[in-house]
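FYI, it's all coordinate maths here, none of it is from the lab. Here the structure is a predicted model, which is why all the values come from computation and not from measurement. Note: ideal-geometry Cβ built from the backbone for every residue, glycine included; neighbour counts use all protein chains shown.
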Amino acid sequence: MKKSLLFVIAAALLVYACNKKNATVDTNINKPGKKKDYRSFAVMGLDSPFLLPDTANIMIASYLNSIKDNPTQLKSLIVDANALRYYLQNEDITHVKLMFAHKKSYINAGYANQPGGLNYNSLTIVIAGFDDDNNYIYSPQGAVMDFCVPCPFDCPSSGTAASDILID
């Protein structure tokens, strides 16, 4: 279940942060020594990090159906896009690692090192970028990202993002 949640979070985070409407095809994208620029990655093949919404919805619905009897389970974690853009402006960051972590409030309430499951009161993700040499890269202030807003606790209430699955 943790792998499914991580995959859903990673897919949503990448699509949300990187999606551009006017993409063009870069035929040099897979040439050695050239960094992949997914802003121009219009053709989605087997090596694409992007999913079409109908495929993503199958995956999301499977996870949501697995937790439907427990209203305290996380549906999603929402990350501030401007904070993510600020962090990822460092072009040395080539990958982003999403790490499950207990919230400080959960730890401070006396639950350090105790399983919290996927309860929105206990779980968050810490986001850390790393470079081609697999070394972490911190923000200019020496930090990594957290501050994920948990849904179902604080979900969007309007617009298409109010839906638990992707819609037009």
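Structural remarks
- The residue of the stretch 56-101 that is farthest from the chain's Cα centre (by Cα), among those that are crowded, with 17+ Cβ neighbours inside 10 Å and part of a strand (DSSP E or B), is 73.
The rows are residues; the columns are (1) under 15 Å from residue 76 (Cβ atoms); (2) in contact (Cβ under 8 Å) with a residue 40 or more places away in the chain; (3) touching a His at 6+ places or on another chain (Cβ under 8 Å).
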| position | (1), (2), (3) |
| --- | --- |
| 129 | no, yes, yes |
| 138 | no, no, no |
| 147 | yes, yes, no |
| 150 | yes, yes, no |
| 153 | yes, no, no |
| 157 | yes, no, no |
| 160 | yes, no, no |
| 165 | yes, yes, no |
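Condition check ((1) under 16 Å from the mean Cα position of the chain (by Cα); (2) of a type in the set (Gly, Ala, Ser); (3) surrounded by 15 or more Cβ atoms within 10 Å (Cβ to Cβ)) across all residues:
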{"residue": "129", "(1), (2), (3)": "yes, yes, yes"}
{"residue": "134", "(1), (2), (3)": "no, no, no"}
{"residue": "144", "(1), (2), (3)": "yes, no, yes"}
{"residue": "148", "(1), (2), (3)": "yes, no, yes"}
{"residue": "160", "(1), (2), (3)": "no, no, no"}
{"residue": "166", "(1), (2), (3)": "yes, no, yes"}
